[in-house]
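The values are calculated or read from the model by the stated rules, or taken from the named source; none is laboratory data. Since we're looking at a predicted model, the values are computed, not measured. A quick note on method: Cβ atoms are made from the backbone with ideal geometry, for glycine too, and the neighbour counts reach across all protein chains shown.
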Amino acid sequence: MIITNPFEIIAPNPDEGDSSKRRAPVAVAFGAHDPLYGSGVGADARTWIGQGVHPLAVITRVEARNTQALRGALQMPTEATLRQLEALRGDTALDAIKTGLLGDVTMTRTVADALRALADDPRVGTWLCDPELVSRSGEQRVERAVIAATREHLVPHAGVVVVNCYEAELLTERQVGDRGSIRDALKALFDVGGGVVVVKGPPDERHAVDYVYDGSGVVEFGRDRVRHAQLMGSGGVFSAAIAGRLALGDGALEAVEAAKELITAAVSAPVRVGGGEHPVHALAPLYKRAGVAINSLERSEDPEEAS
């Protein structure tokens, strides 16, 4: 059986009441537009749709990317980015904000200034910063001046900061690798801004562990690692999932725990498009609930096997 609409068989929850009278939770992503939707604001949007959060996007950079390589990028004028934000905030609440790849120093400072100006607006929720300075393979994506601008203008003001171990090294200017050094980096980043800090642990053959510090203690969230050689967008989907849960009203630790569940499912069922890296599937839990196979859109006999 072919499902033309994979969500049509999801029955509404009878306990939800008349949802037409409630405002939808909203999250806005600042970041790059990737035509593949494997990373950037497209991947954020797919993540939030699966969580029941309406996605908004403010584009800072346009990338020419496919599954095999980044072919080029065009930085947006800062005025264009600011106008996007002004249009959105004049019309809706922003229950959560996520900043991703901003691209250059000017954009980093401009976005940070704009978001700081919203700090006292009751219609604006938690700002999550995932700066996307270094890829999960350790490849630096920005100039060193952007790292300094991130440390000075973004980290001190974000409510939640999510970085991988390579980014933690650059932002704290100390070696980060084992549990002890990760805990030191968490506290160092917390001291810079006072927000909740999440550090994604280093590559490990057996376990995927993320570390969270909120000023009171370090909490570890671990899962058995799902092995896939070529994946795209796992870090961005993880941080987007945290932001989505914040938009839904979760506290930081609850949001990280829920995001860990989502990214584990997303990594387990990547989308096989193109000849290179496979985008992780942020909608995998929703497809699984519908009993739909991720890559073929053929309904499985057993919903538990649709992954």
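Return the residue satisfying two criteria in turn: it lies in the range 276-306 and is in a helix (DSSP H, G or I) and of a type in the set (A, V, I, L, M), and of such residues it is modelled with the lowest pLDDT.
Residue satisfying both the conditions and the ranking: Ala290.
Residues being in a helix (DSSP H, G or I), buried (at least 23 other Cβ atoms within 10 Å of the Cβ), aliphatic (A, V, I, L, M) and modelled with pLDDT of 85 or more are entirely absent from the range 13-27. Screening Asn5 on (1) among the polar types (S, T, N, Q); (2) at pLDDT 95 or above; (3) farther than 29 Å from Trp127 by Cβ shows it passes everything except condition (2).
The set of residues in the range 113-123 that are closer than 14 Å to Val28 by Cβ and not in a loop (DSSP other than H, G, I, E, B) comprises Ala114, Leu115.
Of all the listed residues (Thr106, Thr99, Thr126, Thr81), the sole one being of a type in the set (Ser, Thr, Tyr), touching a Phe, Trp or Tyr at 6+ places or on another chain (Cβ under 7 Å) and at pLDDT 95 or above is Thr99.
Hey, which of the helices (runs of 4 or more DSSP H) in the range 124-201, taking only ones fully inside, have at least 3 residues that are under 17 Å from the mean Cα position of the chain (by Cα)?
Counting at least 3 such residues, we get 165-172.
Of all the residues in the range 58-69, those that are buried (at least 19 other Cβ atoms within 10 Å of the Cβ) and modelled with pLDDT of 95 or more number 3. Pairs are defined by a Cβ separation below 7 Å, a sequence spacing of at least 6 or placement on different chains, a first member in the range 153-178 that is in contact (Cβ under 8 Å) with a residue 60 or more places away in the chain, and a second member that is in a helix (DSSP H, G or I) and hydrophobic (A, V, I, L, M, F, W, C); the pairs so defined are Val160/Ile242; Val160/Ala252; Val162/Ile242.
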